[in-house]
2 protein chains.
Amino acid sequence: MTCSQLNACDAGFVARLDAELPRGTLRPVAAGYLSEPRGRWQGVAGGVALPRNVDEVAKIVRACHAACVGIVPYGGGTGLVGGQIAPDGPAPLLLSLERMQSIRASYPSENVLIAEAGAILADVQAAAENEDRLFPLSLASEGSARIGGLLATNAGGVNVLRYGNARDLVLGLEAVLPDGQIWHGLKRLRKDNTGYDLRHLLLGSEGTLGVITAASLRLFPRNHAEGAALLVVDSPSAALELLALAQAKLSGMISAFELIGGMGLAFLAETMPQVRQPFPQPPAWMVLLDLGVPDGIDLPPLLESVLTDAMTRGLITDGLIAQNAAQRAEFWEIRESIPEANRHIGSVSSHDISLPLSDVPAFIERAGPELARIGAFRINCFGHLGDGNLHYNVFPMPGRSRADHEHQRDAIKTCVHDLVDAMGGSVSAEHGIGRLKTGDLERYGDPTKLAAMRAIKAALDPVGIMNPGAILRRV
Amino acid sequence: MTCSQLNACDAGFVARLDAELPRGTLRPVAAGYLSEPRGRWQGVAGGVALPRNVDEVAKIVRACHAACVGIVPYGGGTGLVGGQIAPDGPAPLLLSLERMQSIRASYPSENVLIAEAGAILADVQAAAENEDRLFPLSLASEGSARIGGLLATNAGGVNVLRYGNARDLVLGLEAVLPDGQIWHGLKRLRKDNTGYDLRHLLLGSEGTLGVITAASLRLFPRNHAEGAALLVVDSPSAALELLALAQAKLSGMISAFELIGGMGLAFLAETMPQVRQPFPQPPAWMVLLDLGVPDGIDLPPLLESVLTDAMTRGLITDGLIAQNAAQRAEFWEIRESIPEANRHIGSVSSHDISLPLSDVPAFIERAGPELARIGAFRINCFGHLGDGNLHYNVFPMPGRSRADHEHQRDAIKTCVHDLVDAMGGSVSAEHGIGRLKTGDLERYGDPTKLAAMRAIKAALDPVGIMNPGAILRRV
């Protein structure tokens, strides 16, 4: 069947599909499925399907394909760009993977684990640990985010510097394509050059080219010892020199290299005083350096020698080395509490951007003055500096509220994104496009790439049923 | 223009195109362009174009697109599966990137280098070294293979275990798509989630979806110290246990883990006696373990402690540790001379396969007896064990020649590939599909993936001008 437009997932369609599936697969839409963490959108949906296996997923997709009904794949609902929610258009069917949670198999000697799309990240991490292995994907929402969504959005997080983005952790996929056909691609191979890499095409396509139902994931040896240091630096530029030094000396052992700005510490002090401040005087900039080493390597002297060297070169002016696991956890608590402190303050506009590494300092220097031309703001700039990924968030001055600046929001976003784009950066480093940034993609995306994306979407999903309106705006 | 079939690159087309391009861009086809390393095919071509920049490439592709003339992109000509040669069909235009050799820029502090597609791999390695960095892609043909071809085929080589396949070394691409549009995608970002990953779609597509003209490549810190050991193991299974032990103790520092079989040593002794045999009695199996460590880590005691542990556990029965760079080079000479020894002997059939790591021993155990049902052969099984990638090559018995077995060649290939496929492996681990393995792809490829590949090809290259007949057979 071909259709000129999508049909709503109405009661009749739900009833017909319900009859084809085991009882309890199709359910009324609970409110939780129709909201999202930023509270920007309210979703519409004609029903939610909770399949238990890939064959049921295929049956659902085939039915939607035949009836030209849209499908919004739903993982943990933690996405920050509205990829999991359709605020308008004909009501879609939500397809939640939450009942496909199993770890199908693990192969510790191969460093491989096969997880279903509905498995929660923390459970996958635990399953790996249970085999004395590490699954390194780690981010704030790991207690509720599900593998399928994390892969569909090519999630980032804190360990990208060492282990790569989510896409780099995937050896194979099982997925249902928009026509309802199942791709049995759960390979456990490190090398496989047999045609186009459909895996990488689905990873990061945010559910617009198919539904990921399971993945074979790369595991790593666990670190024998781990350590962390909080290091005061004079500037982002000094932080980058420190990174280069640390990489030369600790190549392959640095798990995270996080930038924390003084504004973040101030927000913490203001809204979460229970989080202990690391230094008596909050520094303008500091870095959280985290590392892990295998057996046979003595971490403390290695770390100390790097820091001594950095101190001698004037790259760090003060620092704390975690003396034990509890102290390392304390350092991380500071870093991980900043997003919560941000929510307490209430940002006017948040930006998940990346830049060529060496351009990060220039961006930070230029963005502040440019924003000041729009108005007076507080800026909390922090994030995964090792990946060139900043969370560059703009807040009202004390005494003002985000509502006071609502009218400036678009101007702020455009100001930040224009500068990022002019410097060769990305306006979505790790969160994806979803429905929040479709306009940004059109504005900043390479036209040839966009044309190719549209051609691929039309080829694989001519009806346009898969996550309609995400990544590519509906025309 | 749409066409029902491709037109030959005839004298008229060449003349028209020649008039649009700087003198010397279009040339008659020298014989070297029409042969390939395996000597299996003789190519046809109506001319060769040697553009000097991406705009000239775009002009050439647009002209071919308009005239429905096929294009075969040509790099170093080192491919082993006939991806660079069109043996039949309407004569295509060869598009050689050999005059686009420059290193456009390097950013050592970012660990990034931008190379044009025609740059020879060894030159890119040297450019990285010049910045005190490492570009880790390394394989036998590095003195003549060019970056564009290496990326288009997602080349593998000896350092995949540590640094990944060619695709993992690419941050961004510049490419000309089949309609002649230029994709300006030379980003230098570690995180960029702005739509479908066109980069990974082109990487490994073997020139069938576009022409890569330049790439931004990931560099790494150079190792401060390097070491190697040749280790005698009882079996491939013991070799894999050794790998697991070494990974736990040397995580992230093992650069290569190569399997060498007794037959390879025997072939060396027979055909290349100048290569010194490492052990008085050639062992049935041995492993070449190569590692590199950053400054601050003392390599010799670390390696010794791993080997002592492996010895205690009975995983290795004998071994040599390279005492200096010359000895390490000697170890590598043994490994790298085996393909040449193979050529002297003359294989009946060669197989570039990969398997789930833990299934490698079972494959080796089963494949020999199955082949014996076809005839009596010598088998040289060696390769990148750390990646599950074996070069499983079948040779005549002494006194027989490959010609004696020509009639069994297909049966041998099918026997090996059927077993690989049944065990979840790949019939092309690192060489690609080219024109040699299009039938294998049809036989073993997942039907849903194949359908998606055909849909993508038709969407991006409806006329079918890009490397016609490679990967997907012409219909």
By residue number, the members of segment A:24-72 that are without any contact (Cβ under 8 Å) to a residue 40 or more places away in the chain, not in a helix (DSSP H, G or I) and not polar (S, T, N, Q) are A:Gly24, A:Leu26, A:Arg27, A:Pro28, A:Ala30, A:Gly39
Residue check for A:Val211: surrounded by 24 or more Cβ atoms within 10 Å (Cβ to Cβ), within 20 Å of A:Arg335 (Cβ to Cβ) and touching a residue at least 40 places away in the same chain (Cβ under 8 Å)
no
Pick from B:Ala105, B:Ala63, B:Ala91, B:Ala117: which is surrounded by fewer than 24 Cβ atoms within 10 Å (Cβ to Cβ) and touching a Gly at 6+ places or on another chain (Cβ under 6 Å)?
B:Ala91
Does A:Gln125 satisfy the condition of being under 19 Å from the mean Cα position of the chain (by Cα) and either at positive phi or at pLDDT 95 or above (or both)?
yes
B:Glu226 - would you say it is open to solvent by 40 Å² or more (accessible area, probe 1.4 Å) and within 12 Å of another protein chain (Cβ to nearest Cβ)?
no
Which residue is most open to solvent (accessible area, probe 1.4 Å), if the candidates are limited to segment A:452-473 and must be of a type outside the set (D, E, K, R) and part of a helix (DSSP H, G or I)?
A:Ala458
Does segment A:335-356 contain at least one residue that is open to solvent by less than 30 Å² (accessible area, probe 1.4 Å), at pLDDT 95 or above and over 23 Å from A:Ala140 (Cβ atoms)?
yes
Hey, could you check segment B:171-188 for residues that are over 25 Å from the mean Cα position of the chain (by Cα) and over 16 Å from B:Pro51 (Cβ atoms) and say which is nearest to the other protein chains (Cβ to nearest Cβ)?
B:His184
Report, ordered by the first and then the second residue, all pairs with beta carbons closer than 9 Å, sequence separation of six or more or different chains, a first member in segment B:217-239 that is within 30 Å of B:Arg199 (Cβ to Cβ), and a second member that is open to solvent by 10 Å² or more (accessible area, probe 1.4 Å) and β-branched (Val, Ile, Thr).
B:Leu217/B:Ile114
Does B:Lys449 count as more than 9 Å from chain A (Cβ to nearest Cβ), part of a helix (DSSP H, G or I), surrounded by 15 or more Cβ atoms within 10 Å (Cβ to Cβ) and basic (Lys, Arg)?
no
Exactly one condition in (1) at pLDDT below 95; (2) farther than 22 Å from B:Gly469 by Cα is false for B:Glu98; which is it?
(1)
Strands (runs of 3 or more DSSP E) lying entirely in segment A:200-296 (those with 2 or more residues that are under 19 Å from A:Ile364 (Cα atoms))
A:225-233, A:254-261, A:285-293
Counted residues in segment A:237-250 being open to solvent by less than 10 Å² (accessible area, probe 1.4 Å) and under 24 Å from the mean Cα position of the chain (by Cα) come to 2
Answer yes if at least one residue in segment B:22-33 is among the β-branched types (Val, Ile, Thr), closer than 23 Å to B:Gly469 by Cβ and open to solvent by less than 20 Å² (accessible area, probe 1.4 Å), and no otherwise.
no
Note: among B:Ala376, B:Ala403, B:Ala422, just one is loosely packed, with under 15 Cβ neighbours inside 10 Å and within 14 Å of chain A (Cβ to nearest Cβ), namely B:Ala422
Output the residue which, of all residues in segment B:146-166 that are of a type in the set (A, V, I, L, M, F, W, C) and either within 11 Å of chain A (Cβ to nearest Cβ) or free of Cβ contacts under 8 Å to residues at least 12 places away in the same chain (or both), is surrounded by the most Cβ atoms within 10 Å (Cβ to Cβ).
B:Ala152
Close pairs (6 angstrom Cβ cut-off, 6 or more residues apart or separate chains): within 16 Å of A:Trp183 (Cβ to Cβ) in segment B:446-475, among the hydroxyl-bearing types (Ser, Thr, Tyr) anywhere:
B:Met453/A:Tyr196
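The values are calculated or read from the model by the stated rules, or taken from the named source; none is laboratory data. Since the structure is predicted, the reported quantities are computational estimates derived from the model, not experimental observations. Every residue, glycine as well, gets a Cβ built from its backbone with ideal geometry; the counts of neighbours run over all protein chains shown. To get the accessible areas, we keep the full protein, side chains included, count just its heavy atoms, and leave off ligands, DNA and RNA. Shrake-Rupley method; radii C 1.70, N 1.55, O 1.52, S 1.80 Å.
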